[in-house]
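**Q** Sending over a structure as structure tokens; questions will come in a sec.
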Amino acid sequence: MLIVVHGGIYVEEIPEIADALKKACLIGSEILQKKEAVDAVEEAVKVLEDDPRLDAGTGSYPNLLGEIEMSASIMKDDLSGGGVAAIKNIKNPISVARGVMEQTKHVLLVGEGANLFAKLLGFEPYNPVTELTVTTLRKAIEIAAEEKNSIYHYYLERARLRLQSLELGTVGSVAIDRTRRKAAATSTGGIEMQLPGRVGDSPLIGLGNFAGEWGAVSMTGAGEGIIKLGLARKIADWMEACDAQSAVDRGMALAKKHKVVCGAIALSYRGEMGIGNNGGKISYAYWRDGMKEPCTYKDSQ
Ligand code: ASP
């Protein structure tokens, strides 16, 4: 049994989030003792979505209209998977993604359709805006003001208005259970200054999140580049022939060659773990059977 979680990559220092990662990993590890890998990654990601310091669920980055659009996906190694993109006013997008996986014939629902589906499943409306959302939006407005592309100025004016009325790092997990079933889950509020409707890699099976025969992978970082390179799927497939860390390193090197700054957590069918990034710093925690408590990125610094 093994569970790994991440709380995104950071350009400079990782903020104080080790406690959140440890908690998510601990809850995931407890679930792994009794249930399946997919239950462990969902619950671990929910803990991270609920933490306002992380860019998923509560605390998600607002887009340039000041709205929060979240995306998430979940996958099992039998290739069942589901995702939601640009969903609004939901506490735990990862659980709606699981609903898509288990209760529809589709792999991805977006926007209003995703919200309608969540409503039909009984998810209550929830406001994920926090103080940090407001600060982030203010900063985005300042940056957008200097942007030469006139499209950004269109959004800028609307974002300013939205800011007046507001009251007030992407996460992921991979796990392997007692019977060697593997699962991956990834959830995000997107990136700073994203245009409304922008969707990154996180809800896309095979790109930001993947579980298959050889392993499970959750990505973080520059979503557009991760999509173009199809990284989660590549790293997972490479684990057929090499260990998890080598597969992650290879993915990071490929991304670096294309100037895509990103990070990944992975585990293979053999039960090894791989964690890597090719710029900034990646925040993570992991637990495997035999360990008293999870280890975080802080313990290995
Ligand atoms: N990959 C996410 C996205 O592009 C962002 C992140 O991982 O920080 O939406």
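The values are calculated or read from the model by the stated rules, or taken from the named source; none is laboratory data. A quick note: this is a predicted structure, and the numbers were derived from the prediction, not measured. Cβ atoms come from the backbone with ideal geometry, glycine included; neighbour counts cover every protein chain shown. In case anyone asks, the SASA skips ligands and DNA or RNA and just uses the protein heavy atoms, side chains included. Shrake-Rupley method; radii C 1.70, N 1.55, O 1.52, S 1.80 Å.
**Q** In the chain, with Lys and Arg counted as +1 and Asp and Glu as -1 at Cβ, which of these residues, GLN245, SER300, ILE9, has the Cα nearest the positive end of the dipole, that is, farthest along it?
**A** The one lying farthest along the dipole's positive direction is GLN245.
**Q** Can you grab the distance from the C-alpha centre of segment 42-99 to the C-alpha centre of segment 237-301, Å, no decimals?
**A** About 21 Å separates the Cα centre of segment 42-99 from the one of segment 237-301.
**Q** Taking a probe of 1.4 Å, how large is the accessible area per residue of segment 86-205, in Å²?
**A** Details: 6300 Å² over 120 residues.
So segment 86-205 comes to 53 Å² accessible per residue, rounded to a whole number.
**Q** Find the accessible area per residue for segment 1-82; the probe is 1.4 Å, ligands and nucleic acids are left out, and the unit is Å².
**A** Heavy-atom SASA per residue in segment 1-82 reads 33 Å².
**Q** For the chain, give the magnitude of the charge dipole about the Cα centre (Cβ charges: +1 Lys/Arg, -1 Asp/Glu; no others), in debye to the nearest 20.
**A** For the chain, the charge dipole is close to 440 debye.
**Q** I'd like to know which of GLY82, THR135, ILE151 lies farthest towards the positive end of the charge dipole of segment 37-152, counting +1 on Cβ of Lys and Arg and -1 on Cβ of Asp and Glu.
**A** Of the listed residues, the answer is ILE151.
**Q** Can you give the charge dipole size of segment 185-289 about its Cα centre, rounded to the nearest 20 debye, using +1 on the beta carbon of Lys and Arg and -1 on the beta carbon of Asp and Glu?
**A** Computed charge dipole of segment 185-289: roughly 360 debye.
**Q** Now for a separate question. Can you give the accessible area of ARG233, probe radius 1.4 Å, in Å² rounded to 10?
**A** Counting only protein heavy atoms, the figure is 110 Å².
**Q** Report THR220's accessible area, 1.4 Å probe, all protein chains in place, as a number in Å² to the nearest 10.
**A** Its accessible surface works out to 10 Å², give or take rounding.
**Q** With all protein chains present and a 1.4 Å probe, how do PHE117, PHE123 order by accessible area, largest first?
**A** I get PHE123, PHE117, largest accessible area first.
**Q** Ok, one more. According to the square roots a ≥ b ≥ c of the eigenvalues of the Cα gyration tensor, what is the shape class of segment 13-109, taking rounded for a/c under 1.5, prolate for a/b larger than b/c otherwise, and oblate for the remainder?
**A** oblate
**Q** Something else now. Given a 1.4 Å probe and every protein chain left where it sits, what share in percent of the accessible area of the chain is carbon and sulfur?
**A** 52 percent
**Q** Show me 146-154, 102-110, 261-269 ranked by packing, highest mean number of other Cβ atoms within 10 Å first.
**A** Packing proxy ranking, top to bottom: 261-269, 102-110, 146-154.
**Q** Looking at segment 170-294, what % of its DSSP beta bridges pair antiparallel, to the nearest 5? Walk me through the intermediate numbers first.
**A** Numbers: 21 of 22 bridges.
That works out to approximately 95 percent antiparallel.
**Q** Divide by every residue of the chain the summed helix terms, -39500 (n - 2.57) for each DSSP H run of at least 4, and state the resulting mean residue ellipticity at 222 nm, rounded to the nearest 500 deg cm²/dmol. Could you put the intermediate results ahead of the total?
**A** Numbers: 9 runs with 111 residues, N = 301.
Theoretical 222 nm ellipticity from helices: -11500 deg cm²/dmol.
**Q** Out of the trypsin sites (Lys or Arg not before Pro) in segment 256-287, which ones are loop residues according to DSSP with at most 14 other C-beta atoms within 10 Å?
**A** LYS259, ARG270
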